Amino acid sequence: MPSRARLTAGVVAAAALALPLAALPAASAPAASAPVATTATGAAVGSTWTTQDETALSRAVLAAATAAAAGPDASTRSQGGPRPAPGGADRRALDAAVRTLVDDGAVAVTARVQAPGLRWSGAAGVRHLDRRPPAHVTDRFRVASITKPMVATLVMQEVERGTWALGTRVEDVLPGLLPGQPDVTVEHLLSHRSGMPTGTDALLLARMSDPASLEQFIDAIGQDYTDADHVAAALATPWLFAPGAGWSYSNSGYVVLGMLLEEVTGQDLADLLRQRVFRPAGMRHSDLPDEPQDRGPFLVGAAYTGDEGAGWYPLGHFDPDVFGAAGAATSTTADLVAFSGALLTGRLVAPSTVADMTRPRSADLLEYGLGVYRLPDPCAPPEAPAYLYGHDGASYGTVSVALSSPDGSRSLALGVTGRNLSADPQALYDLGDLLVPMLLATC
């Protein structure tokens, strides 16, 4: 590994909070959060640990959908135009887009599109920053916050079983867990409307004596953390707003949901996911690990820190406890497509529950429901707007996206290793170079 240097506090903020991949439209900050430092293009770069932009990747996905909808291919297909043959323009464009991301700095890319008349998968790059095995379409990777809809599925299964209701308070299940916040409910946590700070920044800072030290940051993301550590870190940060009064993305809120699930079921969260989500959905290569992974058919994350941070760092030591129930899952593109289809078509929860999960609780730029967000379907004609549903995820060395139409017939999933944590938002690839053609290929 190259010698480690020290970063400014602003660069550490961008790194530790997984800020943007490329230039994307500016958006208003979540309620009660501090302003986010931006470039001329509107891409957030971070300034301190508390000026975070947790929706940067989601906005990049939304920007890609908007760009896809504006293209001539989308309007032609939405009006019933012909689809290229499976071996035609779609496939060639997708193969080229995968190679473009690697040429522009991604360590590895694995991607998949399924739509009527087209089943495509592609991969490029290498599994590990400093090793030679090539990436494959079947390789596993960290899906980060795509863990959230999986956990939300378990929570909603318990609603269906009568264990609790969306209005059940955390205080009723785990008394004293959130002192001073007796009104936080299951629904508040699922929809990021509890006011609970995200917590991940404070969690890492608690293990660092110098918040500007890259060496200490790299060390901190490889340490073990408990659920209690996550809650304590969040509670050490001022509560953002009264429950239900705003919207702000919260990793710690999903850690609390994991704790509630384990309390009422008496089972480990990883076992619950295997039994009630992964197996029923046919996700044969997914897991919720609690230890680092860097061997086998696995795409190991890597962080680019720029000249100010001494370049690239392999993150094989990354401990998924850093995210826990909010983002520790690993999966494949095939499994993510299977999950999207199983959830949205009512195989994991009842159709009425799916409708509740996909109904937005937020009127902000990100239309977030219960563990799932929606964005305009670029394939739909303007006179009949429709939506795609799913989630994205960003760990410190990996980026992932999974989206699907409501009937599961059109879906996509991707995983990219090699994350730009430098102060320059354009230092590496633009995710839209792949995501736009993937979206168009589903039309």
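The values are calculated or read from the model by the stated rules, or taken from the named source; none is laboratory data. Given the structure is predicted, the values throughout are model-derived calculations rather than measurements. Positions of Cβ are generated from backbone atoms using ideal geometry, with glycine treated the same way; all protein chains shown enter the neighbour counts.
Can you find even one residue in region 398-417 that is under 19 Å from Ala144 (Cβ atoms), assigned to a loop (DSSP other than H, G, I, E, B) and not polar (S, T, N, Q)? If you could, list the steps in order and put the result at the bottom.
Kept after step one, since they are under 19 Å from Ala144 (Cβ atoms), are these residues of region 398-417: 398-404, 411-417.
When the remaining residues are screened for being assigned to a loop (DSSP other than H, G, I, E, B), the result is none.
No, the conditions are met nowhere in region 398-417.
When you look at Ala384, is it over 17 Å from Leu57 (Cα atoms) and at pLDDT 95 or above, yes or no? No: the conditions fail for Ala384.
Taking region 117-154 as the range and being among the acidic types (Asp, Glu) and either farther than 22 Å from Leu439 by Cα or without any contact (Cβ under 8 Å) to a residue 60 or more places away in the chain (or both) as the test, only Asp130 passes. Inspection of region 226-239 identifies at least one residue that is more than 18 Å from Ala152 (Cα to Cα), in contact (Cβ under 8 Å) with a residue 12 or more places away in the chain, touching a Ser or Thr at 6+ places or on another chain (Cβ under 6 Å) and not basic (Lys, Arg). Residues in region 304-321 that are crowded, with 17+ Cβ neighbours inside 10 Å and touching a helix residue (DSSP H, G or I) at 6+ places or on another chain (Cβ under 7 Å): Thr305, Gly309, Tyr313. Name the single residue that is nearest to Gly258 (Cα to Cα) among those in region 322-340 being among the polar types (S, T, N, Q) and crowded, with 24+ Cβ neighbours inside 10 Å. Ranking the candidates gives Ser331 first.
One line per residue, one yes/no per condition, for (1) touching a residue at least 60 places away in the same chain (Cβ under 8 Å); (2) over 30 Å from Ala310 (Cα atoms); (3) buried (at least 23 other Cβ atoms within 10 Å of the Cβ); (4) in contact with a Cys (Cβ under 7 Å, 6 or more places away or on another chain):
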| position | (1), (2), (3), (4) |
| --- | --- |
| Ala380 | yes, yes, no, no |
| Leu388 | yes, yes, yes, no |
| His391 | yes, yes, yes, no |
| Ser395 | yes, no, yes, no |
| Leu403 | yes, yes, yes, no |
| Gly408 | yes, yes, no, no |
| Leu439 | yes, yes, yes, no |
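No other residue among Ala202, Ala245, Ala206, Ala220 is more than 22 Å from Leu421 (Cα to Cα) and among the hydrophobic types (A, V, I, L, M, F, W, C) apart from Ala245.
Does at least one position in region 181-191 carry a residue that is farther than 25 Å from Gln275 by Cβ, at pLDDT 95 or above and among the hydrophobic types (A, V, I, L, M, F, W, C)? Checked region 181-191: at least one residue is farther than 25 Å from Gln275 by Cβ, at pLDDT 95 or above and among the hydrophobic types (A, V, I, L, M, F, W, C). Selection over region 198-222 of residues that are touching a residue at least 60 places away in the same chain (Cβ under 8 Å) and closer than 23 Å to Leu177 by Cβ gives a count of 7. I'm checking my understanding of the structure. Among residues of region 407-423 that are in contact with an Asp or Glu (Cβ under 9 Å, 6 or more places away or on another chain) and not hydrophobic (A, V, I, L, M, F, W, C), which one is modelled with the lowest pLDDT? Checked region 407-423; the qualifying residue modelled with the lowest pLDDT is Ser422. For region 247-277, residues that are of a type in the set (A, V, I, L, M), within 18 Å of Phe339 (Cβ to Cβ) and in contact (Cβ under 8 Å) with a residue 24 or more places away in the chain total 6.
Restricting attention to strands (runs of 3 or more DSSP E) lying wholly within region 294-376, give those where 1 or more residues are touching a Phe, Trp or Tyr at 6+ places or on another chain (Cβ under 8 Å), under 28 Å from Val159 (Cα atoms) and at pLDDT 95 or above. It would help to see each step written out before you state the result.
Details: elements: 302-304, 312-314, 373-376.
Qualifying strands (runs of 3 or more DSSP E): 373-376.
Checked against the criterion of being farther than 28 Å from Pro320 by Cβ and touching a helix residue (DSSP H, G or I) at 6+ places or on another chain (Cβ under 8 Å), the candidates Pro360, Pro406, Pro385 yield just one match: Pro406. Remark: pairs (first residue in region 175-197, touching a residue at least 60 places away in the same chain (Cβ under 8 Å); second residue among the charged types (D, E, K, R) and part of a loop (DSSP other than H, G, I, E, B); Cβ separation under 7 Å; 6+ apart in sequence or on different chains) = Ser191/Arg361; Arg193/Arg361.
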